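J.: My questions all concern the structure below.
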Amino acid sequence: MKTRLSLMALMAAASIGVCAAAGNAPWRATVDRCVAQGEFKKAEKIMNSLPRGERKAAAVQIDSIRQIMQRIRMDFTLDPADGVKQIRERMPQVTDEQIEAWKGQRKLEVMNIDGKECWFRKAVRNLWLMADELAEQHQQDKEEAFEQYRGYYARAMSHPSDNAGVRDWHHARVTFTLDVNADAVPAGETLRVWMPFPYANMRQRNIKLESANRDVTYSEGSKHHTVYMEAKAEKGKPTHFEYTFSYDVGERHIAKQDLLAMARPYDKSKDDYKLYTGSEGRHVVITDSLRSLARSIVGSETNPVLQANMIYCWISRQFPWAGAREYSTIANIPEYVLLNRHGDCGQVALLYITLTRALGIPSRWESGYMLHPGALNFHDWAETYYEGVGWVPVDPSFGRDVVDTSMEDYYASGLDVYRMASNEAVGQPLSPAKKYIRSETVDFQAGEVEWRGGNLYYDKWHSHFSLDSMEPLGVVK
């Protein structure tokens, strides 16, 4: 399946999408084209030549454009000669023609920046995940992962569920820390910090802030649930933020046959139905081409349960996992997945949400952390709404590792217990409001930091999520 958007169009829209608040100033269109074409020096020259008053009025937007260019530079740091050397160390017989073919197939992601070919820093690692020559090894890796998932499933199914289908309740205790580098900002300046916090839903309850090393403000009204702290920077010292929280979390899975029996026709007059079946922001954009793609996947099927399952299976079989570029530099993530033929967890989740919405099936985003033993990490997934059932969790990324029909539909309508959800949507304003462009403009997991002089990117600070304990309820210490 080929998407209509070219890579050039994607890059142009990335600049436009991130900086839309700048309005329709004449210089913007030219700068956007420069960024799209990798002419970053030219873009800088244009912005630097603006009249002083105009530069001042557009200071935040100009800062955003510069941040995006810098993030692209940081992502495309692999020298082509070094990339070729890495490939030939593993595959000595590879030809120049094969390498060029991989570029054309987008199995090697490259970009021309200011006249120089630059490879994505993860390009070679991603190649091994997508190269046909290594398909057998990938299958073995999936089978090993599947054995672990099957153990979680078997344990969960040994517990009775409540009326909502939730079972296997655990009590989790988490500590989150964030440290801003010494002298990242001048001494005496105020650092503003946002960090993730779970929210109450069907699978999470009894949420409690256990301790914090600074005063905490909870988010209000944002779909990114956070705690907010401030601190004055001290000369020569890193600034440390820390808090511990606890919550109960359960597994939820509703089998496909049960969904088919329970689901009712949608009430399409509801505001929520309209909200969650329409376009939303930059990354859930329902176009005619995506509607056609969704219909081609489901064919003549009209049942939303079966349609959503078909979309889930199509994505899990079509798009291998690969390391992602910074989301903030991508114009429209589902189109990016279709164009590049791969995606990480959040990218395929957004593709799932867009394609199901294109069929009139309400879907929405959820993300936070996966807490699996030995695999603690950021993670993104989705939820699908069925009339008469409610919101049902879906994990398109984990579907790629299901290699046995006994569990084929498990993650299509369920999640294991090893989760911490803190986000209900993408690209939403933070609370309290953030002035400058976020380091992560789509998701929210690592945290965000800024001061009065601008956003602080990841090279100025680091955060850590620690799962202190996770015990079955009934034996909580």
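The values are calculated or read from the model by the stated rules, or taken from the named source; none is laboratory data. Please read all numbers here as calculations on a predicted model, not as lab measurements. With ideal geometry, Cβ positions are generated from the backbone for all residues, glycine too; neighbour counts draw on all protein chains shown. Note: areas computed on protein heavy atoms with side chains; ligands, DNA, RNA excluded. Shrake-Rupley method; radii C 1.70, N 1.55, O 1.52, S 1.80 Å.
J.: With a Förster radius of 51 Å, plug the Cβ-Cβ distance of Y457 and D162 into 1/(1 + (r/R0)^6) and report the FRET value to the nearest 0.05.
T.: Once the sixth-power term is evaluated, E becomes 0.75.
J.: Continuing with this model, one more query. Under 20 °C and 1.002 mPa s, how fast does the chain diffuse according to Stokes-Einstein, given a Kirkwood radius computed over C-alpha pairs? Answer in µm²/s, whole number.
T.: The calculation lands on 90 µm²/s.
J.: What is the extension gain from M262 to A29, computed as 0.36 nm multiplied by their sequence separation minus the C-alpha to C-alpha distance, in nm to one decimal?
T.: Gain on stretching M262 to A29: 78.8 nm.
J.: Give me the distance in nm between label points sitting 7 Å out from Cα along the Cα-to-Cβ direction at S300 and R317, one decimal.
T.: Inter-label distance under the simple model: 1.9 nm.
J.: Dividing the alpha-carbon Rg of the stretch 35-87 by 2.2 N^0.38 Å yields what?
T.: Here the answer is 1.52, to two decimals.
J.: Something else about it: If you take the Cα Rg of the stretch 238-307 and divide it by 2.2 N^0.38 Å, with N the number of residues, what do you get?
T.: Ratio of Cα Rg to 2.2 N^0.38 Å: 1.74.
J.: Also, quick follow-up: Evaluate the charge dipole of the chain about its Cα centre and quote only its size in Debye, nearest 20, assuming +1 on the Cβ of each Lys and Arg and -1 on the Cβ of each Asp and Glu.
T.: 1500 debye
J.: Still on this model: Once every DSSP H run of n ≥ 4 in the chain is given -39500 (n - 2.57) and the sum is divided by its residues, what mean residue ellipticity at 222 nm do you get, rounded to the nearest 500 deg cm²/dmol?
T.: Result for the chain, helices only: -10500 deg cm²/dmol.
J.: Also, quick follow-up: Would you report the distance distribution of C-alpha pairs in the stretch 201-329 as whole percents per 5 angstrom bin, up to the bin with the largest distance?
T.: Percent of pairs per bin, in order: 2, 6, 9, 12, 15, 15, 14, 10, 7, 5, 3, 2, 0, 0.
J.: Could you tell me the calculated FRET efficiency between R90 and E147, based on Cβ-Cβ distance and R0 = 30 angstrom, to the nearest 0.05?
T.: The computed FRET efficiency comes out at 0.65.
J.: Relative contact order for the chain using alpha-carbon pairs under 8 Å, separation at least 6, rounded to a whole percent?
T.: Result for the chain is 20 percent.
J.: State in Å² the accessible area per residue of the stretch 331-388; use a 1.4 Å probe, count heavy atoms of protein chains only, and round to the nearest integer.
T.: Dividing the accessible area of the stretch 331-388 by its residue count gives 18 Å².
J.: Starting from the exponent 0.38 and prefactor 2.2 Å, build the expected Rg for the stretch 18-128 from its residue count and divide its actual Cα Rg by it.
T.: So the Cα radius of gyration is 1.34 times the expected 2.2 N^0.38 Å.
J.: Which aspartates and glutamates does K42 reach when only Cα atoms under 16 Å apart count, and residues fewer than 8 places away in its own chain are ignored?
T.: In chain and number order, the partners are D32, D63, D114.
J.: Per residue, how big is the convex hull around the C-alpha atoms of the stretch 303-431? Give it to me in cubic angstrom, could you?
T.: It comes to 131 Å³ per residue, whole-number rounded.
J.: Another one. What is the Cα centroid distance between the stretch 181-220 and the stretch 147-177, reported in whole angstrom?
T.: Each part reduced to its Cα centre gives a spacing of 26 Å.
J.: Taking R0 as 30 Å, what FRET efficiency do you get between M74 and D183 from their Cβ-Cβ distance, rounded to the nearest 0.05?
T.: Calculated transfer efficiency: 0.90.
J.: Quick one: plug the Kirkwood hydrodynamic radius of the stretch 185-227 (C-alpha pairs) into Stokes-Einstein at 20 °C, 1.002 mPa s, and report D in µm²/s.
T.: The diffusion coefficient I find is 171 µm²/s.
J.: Take D468 and I46, extend 7 Å from each Cα along the Cα→Cβ direction, and tell me the distance between the two endpoints in nm.
T.: Placing both labels 7 Å beyond Cα along the Cβ direction yields 5.2 nm.
J.: Of C34, T239, A255, which is farthest on the positive side of the dipole of the chain, counting Cα position, with +1 on Lys and Arg Cβ, -1 on Asp and Glu Cβ, and the Cα centre as origin?
T.: Selected residue: C34.
J.: If you add up the charges near I297, with Lys and Arg at +1 and Asp and Glu at -1, over every other residue whose beta carbon is less than 12 angstrom from its beta carbon, what do you get?
T.: +2
J.: Cβ under 10 Å from F378's Cβ, F378 left aside: what net charge do those residues give with Lys, Arg +1 and Asp, Glu -1?
T.: Computed value for this residue: -4.
J.: With the dipole of the chain worked out from charges on the C-beta (+1 for Lys and Arg, -1 for Asp and Glu) around the Cα centre, which of P51, G427, V227 lies farthest toward the positive end?
T.: My answer, from the dipole projection, is P51.
J.: Cβ under 9 Å from T190's Cβ, T190 left aside: what net charge do those residues give with Lys, Arg +1 and Asp, Glu -1?
T.: Local net charge: +1.
J.: Can you compute the label reach from T190? Point 7 Å from Cα along the Cβ direction, backbone N cut-off under 20 Å, restricted to the stretch 231-250.
T.: Within reach of a label on T190: 231-235, 239-242.
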